[in-house]
Ligand SMILES: NC(=O)c1ccc[n+]([C@@H]2O[C@H](COP(=O)([O-])OP(=O)(O)OC[C@H]3O[C@@H](n4cnc5c(N)ncnc54)[C@H](OP(=O)(O)O)[C@@H]3O)[C@@H](O)[C@H]2O)c1
């Protein structure tokens, strides 16, 4: 299927690896020029050279979501180099594992400023161009944990729900301008973040990391973790003109892990 994405431009936050990289690869394969944002220059350079070696257009911009001026500079540099942004992937790092009771105000504030607020601000920065062109795609990465909260990642459950409320409101505000806003809910997908959370689970429960990962895989109806490529394929469809009638939605990419309808 031709996703009709050729010639578009995407800004991918957290694009050097994991879910963001999966989305970057899927869009680049459809002829989208991808601007990748992450903190580490090495990971960015590796991703850009792998994507460009396949004949696609890509550029990396080092910036930290917790430092707004660096993100604003990265977005403006990306627009200058690749042109107006048609597709924005609002993605971030994840918070450290914990419950919610007793989490300090400092942690709540720091995580809000790294995972939530910069996504709202960068969207506002890019909406003007999308409105002027009467076309845009805003895709947010949240988590299955906004539907079925996970006890060990309380900060994630809580702050990502703010993204869901914001996204639903925004979808209505932008719908007449040809801009869709959708939120992806990944279940366990094989990335460094999953290994990091499995390490924490293994330490808590005195089991090996492999056992923690296997237990997670066994608990998913499809019997395995997902791949960044599978996540990227769903995102690429939602980013395409073919998905013009899908907006304000939460889309699960979780192998059936959420048990409710
Ligand atoms: N994988 C899953 O199963 C899963 C499930 C549900 C939700 N999620 C959530 O989805 C998001 C992405 O997860 P992932 O699995 O793709 O993680 P990952 O493999 O660790 O990749 C995270 C990406 O974000 C970048 N990043 C992290 N912190 C950043 C910051 N402060 N500023 C700019 N870039 C930053 C990383 O690069 P640098 O480190 O170089 O900055 C990297 O490119 C996370 O919020 C995670 O909690 C993941």
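The set of residues in region 1-58 being in contact with a helix residue (DSSP H, G or I) (Cβ under 7 Å, 6 or more places away or on another chain), farther than 28 Å from residue 144 by Cα and not assigned by TED's automatic domain parsing to the domain that holds residue 239 consists of 4 alone.
Does any residue of region 218-225 turn out to be part of a helix (DSSP H, G or I), outside the structural domain of residue 27 (by TED's automatic domain parsing), surrounded by 14 or more Cβ atoms within 10 Å (Cβ to Cβ) and free of Cβ contacts under 8 Å to residues at least 12 places away in the same chain? Looking for residues that are part of a helix (DSSP H, G or I), outside the structural domain of residue 27 (by TED's automatic domain parsing), surrounded by 14 or more Cβ atoms within 10 Å (Cβ to Cβ) and free of Cβ contacts under 8 Å to residues at least 12 places away in the same chain, one finds none in region 218-225, hence no. Any idea which of (1) farther than 19 Å from residue 17 by Cβ; (2) more than 16 Å from the chain's Cα centre (by Cα) is the one residue 182 doesn't satisfy? It fails just one condition, (2).
Of the residues making up region 181-203, just one is buried (at least 22 other Cβ atoms within 10 Å of the Cβ) and more than 16 Å from the ligand (Cβ to nearest atom), namely 181. Scanning region 10-32 for residues that are surrounded by fewer than 21 Cβ atoms within 10 Å (Cβ to Cβ) and either under 19 Å from residue 73 (Cβ atoms) or within 15 Å of the ligand (Cβ to nearest atom) (or both) yields one hit, 17.
Give the number of residues within region 41-69 that are out of contact with any strand residue (DSSP E or B) (no Cβ under 8 Å at 6 or more places or on another chain), near the ligand (Cβ under 10 Å from one of its atoms) and farther than 24 Å from residue 181 by Cα.
Just the residues of region 41-69 that are out of contact with any strand residue (DSSP E or B) (no Cβ under 8 Å at 6 or more places or on another chain), to begin with: 42-43, 46, 49-50, 53-55, 64, 66-69.
Then drop every residue that is not near the ligand (Cβ under 10 Å from one of its atoms), which leaves 42-43, 64, 66-67.
When the remaining residues are screened for being farther than 24 Å from residue 181 by Cα, the result is 42-43, 67.
Of the residues in region 41-69, 3 are out of contact with any strand residue (DSSP E or B) (no Cβ under 8 Å at 6 or more places or on another chain), near the ligand (Cβ under 10 Å from one of its atoms) and farther than 24 Å from residue 181 by Cα.
Only one of the numbered conditions (1) in a loop (DSSP other than H, G, I, E, B); (2) touching a strand residue (DSSP E or B) at 6+ places or on another chain (Cβ under 9 Å) is violated by residue 163, and that is (1).
When every residue of region 124-146 is checked against the conditions, none turns out to be assigned to a helix (DSSP H, G or I), within 12 Å of the ligand (Cβ to nearest atom), over 30 Å from residue 241 (Cα atoms) and under 17 Å from the mean Cα position of the chain (by Cα).
Reported count of residues in region 147-162, each being more than 11 Å from the ligand (Cβ to nearest atom) and surrounded by 18 or more Cβ atoms within 10 Å (Cβ to Cβ), is 3.
The values are calculated or read from the model by the stated rules, or taken from the named source; none is laboratory data. Quantities reported herein were computed from a predicted structural model and do not represent experimental measurements. Methodologically, a virtual Cβ is constructed for each residue, glycine included, from the backbone with ideal geometry; neighbour enumeration extends over all protein chains shown.
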